[in-house]
Amino acid sequence: MVKLPDTPEYNKVKEFVSQFRGDKGSLIKVLHFSQGVFGYLPPEVIKYIAQELGVTPSYVYGVLSFYNFFRTEPIGKYEIRVCLGTACHVKGGKDILDTLCHRLGVRKGGTTKDGMFTVNTVRCLGACGLAPVMMVGEEVYGRLSPQRAWNIVKGYYQEEAGSEVEGSG
Amino acid sequence: MRRLGSREDLERLREEALSKSPKRFISLGMGTASRAHGAEAVYEALKEELAKRHLGIPVKATGDHGLCGYAPVMVVFPEGILYHSVKPADVPDVLEAIDKGEVLEKLLYTDPITSETYIYEKDIPFYKKQMRLVMGLMESVEPLSIDDYLCNGGFSALAKAMFDMGPQAIIQEVITSGLRGRGGAGFMTGWKWEDAASRSSPVKYIVCNGDEGDPGAYMDRCLLEGLPFEVLEGMIIGAFAVGAHQGFVYVRKEYPLATQNVQAAIEVLRELGLLGEDILGSGFDFDIQVVRGGGAFVCGESSALIASIEGRVGEPRSKHVHATESGLWGRPTVLNNVETLANVPHIVNKGGEWFASIGTKESKGTKVFSLAGDIYNTGLVEVPMGITLREVVYDIGGGIQGGKAFKAVQTGGPSGGCLPESQLDLPVDFDTLTEAGSMMGSGGMIVMDEHTCMVDVARYFVKFLTEESCGKCVPCREGLKHMLEILDRITQGEGTMEDLELLEDLGYVISNASLCGLGKSAPNPVLSTLRYFREEYVEHVRDKKCRAGVCKALVKYEIVPENCNGCHVCFKECPEGAISGEPKGVHVIDQQKCIKCGICRDVCKFDAVRVV
Ligand SMILES: Cc1cc2nc3c(=O)[nH]c(=O)nc-3n(C[C@H](O)[C@H](O)[C@H](O)COP(=O)(O)O)c2cc1C
Ligand code: SF4
Ligand code: FES
């Protein structure tokens, strides 16, 4: 038996999952909800969900790894999402991604050591007129150049009082 | 809100709404695209300033108007005056002008080529050649205002369908209209409905496909965000016609606002009794659930989408049995695209004959495209079928930016292809575009100028599809990977002439042997570029040259000594320390250290950095 600790977050998940006991058809819904609570899917939660819905943990992993929305690792304080939709690609979205990854010292999908940023990609934010575009948290930034993108990211570091700017030039 | 127990109740509510409906209002586009351009701040400013001035003009926060490249866009009704790129600081001036009955010149649209300024939305070339049918109510209806929707004829089609027509007549009308699916495949909607209606199963489902996987398109999102009632009305009519009592709207996971609006719209309809038991006293029961996708392109495919709703891995299955016979949980299921369903209320209201009078012989009605790329006017456009690509690119899109040359227009997203100048006079029509090696697809249309490398574009789509292939069948899984390797080689300058033939052979096998539409159409971007832009492939292979300057391995950054005045900015900004030179002296890039990030070219104000 997997038991989850008694914290408000875990309890939210427990309460939600209890509506779907034994109903494996609700798996994706439950995963969405749980990721909404934790920002990712911790291993104990995955095991718990499997147990409650009556499937094996490997079945749950099979489903969650198929859909690229689900994450099994926590993300940084800010998620940077560089648009690689068609319009942004054509206007150099890849250069933005490469520059940010290079400067932050992470790969796509990775999180900086200080936990500030996770760099991800997204496909078409519907702001193609501003291509190339990226989002930092919920903010959208358009008409980027690699330099402008990096300046924006540096700006977030500067906002964080006292923190050192890593790898700045 | 009271529950509507009959058609008369509905009409009474409409009368009430009409009597309250304002003639003067400000419509502000507030969909995701507009928000990305800062529309929310403008909305706040409008509210504040209106209160301050005690002006009783309502503001409607609507879906995106379409002219997304110029967002935030607002239109002042009833005149139809359009202001674009509005900033919060402009709001006092806008209201001042409205109050005095004047026009605020500085925010009017000026044509980038002719420099002509337009006051009224309807006169702007971007709108002039459009035919707004499913998008027609976008500006006058707030997404969740049932009053707005009723004032504009909302749910009159549902009442007509249920009380005057009946299932068979509805299906006949949809067949007469010639409506074909807007999700990509272009299947006749009426036939699909007829087949599902003929099944005797007591349980049937209807699914609205809002997965919108094309990475360069967002028209379905705009419809779900801006006109959820229209999509849902179409869906209820469809359910009534085929005898389904449960429906699902599958919304792509990246679309939080669309999910939210559809969900809220469903709640409104439930309260009014337009969803739930005994809709409008007709005896017909129907309800709808929203399902969020998990972010997999292949889930837009019908059988994969069904698997995904059932909570499984979204793998397609072979289609010897159609969903209309055995779909969700083995029951007859109708699956339609968002835009397809949004057309239905219009067909019911105005008749199939009327709809069929728009468009070409085999493609009827209108199509919404998400127009983007290197043109002046980007955004969502709705055009009658049969309009030429040239009219869309030049008359509506305003032509290529910055005096550069047109190279290609891409339609159909990852399943489509790139068409050159010589094909621009083709009419927008399902079959014509397929013959030309592209596809109508779900509505992405990206215009590319001479600075786009066609080999790179082909590689972009193949890479996308390699990542998104579900891996169930070998030709798609392995074949695409192999195609990507070859394209990588070519863009690295390591390709051979045999590679080009190999690409064509592989493409042939993949399109013929794959199980689902993803694999079957996956080679299109490569085959179409090989067909129309072969010389670019040859240049990459033979001359190790990328004429667009895109393929990193084939270009280098250089400083032109004549233009460099030694401002030293690039020296400071280069992340690799690859630039040497003293202030006021000529600078040089060390090719060994250069990672070709392009920052130096960005920061140079003297055009001294060249890509060669
Ligand atoms: C790989 C793949 C992705 C698809 N993605 C979508 C999509 O995002 N939206 C959509 O409506 N149809 C999509 N389709 C088409 C659907 O399978 C289906 O034909 C369509 O939703 C049926 O509705 P319609 O007849 O109204 O177009 C996709 C098909 C394939 C093969
Ligand atoms: S063609 Fe590709 S996406 Fe479709 S079933 Fe086969 S492997 Fe999966
Ligand atoms: S492709 Fe990036 S916003 Fe559309």
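The values are calculated or read from the model by the stated rules, or taken from the named source; none is laboratory data. Computed from a predicted model, the values in this text were never measured in an experiment. When we count neighbours, we look across all protein chains shown, and the Cβ atoms used for this are built from the backbone with ideal geometry, even at glycine. Heavy atoms of the whole protein, side chains included, go into the accessibility calculation; ligands, DNA and RNA do not. Shrake-Rupley method; radii C 1.70, N 1.55, O 1.52, S 1.80 Å.
So, A:Tyr40, is that one in contact (Cβ under 8 Å) with a residue 60 or more places away in the chain and either in the same structural domain as A:Leu130 (by TED's automatic domain parsing) or surrounded by fewer than 22 Cβ atoms within 10 Å (Cβ to Cβ) (or both) or not?
In short, no.
Residue under question is B:Leu341, and the condition is that it be touching a strand residue (DSSP E or B) at 6+ places or on another chain (Cβ under 7 Å), aliphatic (A, V, I, L, M) and within 30 Å of B:Ser85 (Cα to Cα); does it hold? Please lay out each step first, then the result.
Numbers: touching a strand residue (DSSP E or B) at 6+ places or on another chain (Cβ under 7 Å): yes; aliphatic (A, V, I, L, M): yes; within 30 Å of B:Ser85 (Cα to Cα): no.
Spelling it out, it is not the case that B:Leu341 is touching a strand residue (DSSP E or B) at 6+ places or on another chain (Cβ under 7 Å), aliphatic (A, V, I, L, M) and within 30 Å of B:Ser85 (Cα to Cα).
Any residue at all in the range B:348-356 that's among the basic types (Lys, Arg) and open to solvent by 20 Å² or more (accessible area, probe 1.4 Å)?
Going through the range B:348-356, the residues among the basic types (Lys, Arg) turn out to be B:350.
In the following step, the residues that additionally are open to solvent by 20 Å² or more (accessible area, probe 1.4 Å) were identified as B:350.
The answer is yes, given that some residue of the range B:348-356 is among the basic types (Lys, Arg) and open to solvent by 20 Å² or more (accessible area, probe 1.4 Å).
Could you list, in sequence order, all residues of the range A:66-83 that are at the interface with chain B (Cβ under 7 Å from one of its Cβ atoms) and away from ligand 1 (no atom under 16 Å from the Cβ)?
So in the range A:66-83, the residues at the interface with chain B (Cβ under 7 Å from one of its Cβ atoms) come out as A:66-70.
Scanning the range A:66-83 gives a single hit, A:Phe70.
Identify, please: which residue in the range A:123-139 is within 16 Å of the chain's Cα centre (by Cα) and more than 16 Å from ligand 1 (Cβ to nearest atom) and is, among those, farthest from B:Thr378 (Cα to Cα)?
A:Gly137
Suppose we filter B:Val538, B:Val550 for residues that are hydrophobic (A, V, I, L, M, F, W, C), part of a helix (DSSP H, G or I), in contact (Cβ under 8 Å) with a residue 12 or more places away in the chain and open to solvent by 20 Å² or more (accessible area, probe 1.4 Å); which single one remains? Write out each step before concluding.
On the way: B:Val550 fails: part of a helix (DSSP H, G or I).
So the residue among B:Val538, B:Val550 that is hydrophobic (A, V, I, L, M, F, W, C), part of a helix (DSSP H, G or I), in contact (Cβ under 8 Å) with a residue 12 or more places away in the chain and open to solvent by 20 Å² or more (accessible area, probe 1.4 Å) is B:Val538.
A quick yes/no check of all residues on (1) closer than 30 Å to B:Glu11 by Cβ; (2) more than 16 Å from ligand 3 (Cβ to nearest atom):
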position	(1), (2)
B:Arg252	no, no
B:Ile288	yes, yes
B:Gly300	no, yes
B:Ile309	no, yes
B:Glu315	no, yes
B:Glu325	no, yes
B:Asn337	no, yes
B:Ala356	yes, yes
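Pick out the one residue from B:Ala548, B:Ala553, B:Ala608, B:Ala578 that is within 25 Å of A:Gly92 (Cβ to Cβ), at pLDDT below 95 and in contact with a His (Cβ under 6 Å, 6 or more places away or on another chain). Full working, then the answer.
Numbers: B:Ala553 fails: in contact with a His (Cβ under 6 Å, 6 or more places away or on another chain); B:Ala608 fails: in contact with a His (Cβ under 6 Å, 6 or more places away or on another chain); B:Ala578 fails: in contact with a His (Cβ under 6 Å, 6 or more places away or on another chain).
Only one candidate passes the filter, namely B:Ala548.
Please state which one of B:Gly181, B:Gly186, B:Gly166 is within 11 Å of ligand 1 (Cβ to nearest atom) and either at pLDDT 95 or above or aromatic (Phe, Trp, Tyr) (or both).
B:Gly181
Which residue pairs have Cβ atoms closer than 7 Å, lie 6 or more positions apart in sequence or on different chains, and pair a first residue in the range B:212-241 that is outside the structural domain of B:Thr259 (by TED's automatic domain parsing) with a second residue that is modelled with pLDDT of 95 or more and open to solvent by 10 Å² or more (accessible area, probe 1.4 Å)?
Short answer, once both residue conditions are applied: none.
Quick one: B:Val368 ticks every box in (1) modelled with pLDDT of 95 or more; (2) farther than 27 Å from B:Lys160 by Cβ; (3) within 14 Å of another protein chain (Cβ to nearest Cβ) bar one, so which box is it?
(2)
Name the strands (runs of 3 or more DSSP E) wholly within the range B:295-387 that hold at least 1 residues that are over 25 Å from B:Gly63 (Cα atoms) and more than 16 Å from ligand 2 (Cβ to nearest atom)?
Per the criteria, B:333-337.
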